[in-house]
1. What distance in nm lies between label points placed 7 Å from Cα along the C-beta direction at ARG23 and THR52?
2. Looking at the square roots a ≥ b ≥ c of the eigenvalues of the Cα gyration tensor of segment 14-55, which shape do they give, rounded for a/c under 1.5, prolate if a/b is larger than b/c, or oblate?
3. GLN44 versus ARG32, label points 7 Å from Cα toward the beta carbon: distance in nm?
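Computed from the coordinates by the stated procedures, all read-outs in this text should not be read as laboratory data. Note that the structure is predicted; figures quoted are calculated from it, not measured. Positions of Cβ are backbone-derived with ideal geometry, glycine not excepted, and every protein chain shown enters the neighbour counts.
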Amino acid sequence: MFTKPRHFRPVQSPDKIEASLQREQAASLPARTLREQVLRRARQAETGSNLTGWLCSPGLRAPE
């Protein structure tokens with residue numbers, strides 16, 4: 001009997017979770033400078049998450 005393979009949702013990295021929380025926090029802030037600081041931290045967390053995902057990808061190979 002043929003069974004369908006199970007598909008799992010990828011787990012979000014802590015950096016992406018932190019970035020989304022910071023974006024939610026920034027949306028509720030009235031002060032412009034504080035909001036910009038929180039959004040900057042969110043962008044940095046997203047960039048770190050993207051770099052971590054790229055470095056951990058199975059397609060990367062060590063230099064010869």
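1. Between ARG23 and THR52, the simple spin-label model gives 1.7 nm.
2. Because a/c hits 1.5 or more and a/b exceeds b/c, segment 14-55 counts as prolate.
3. Those two pseudo-labels are separated by 2.2 nm.
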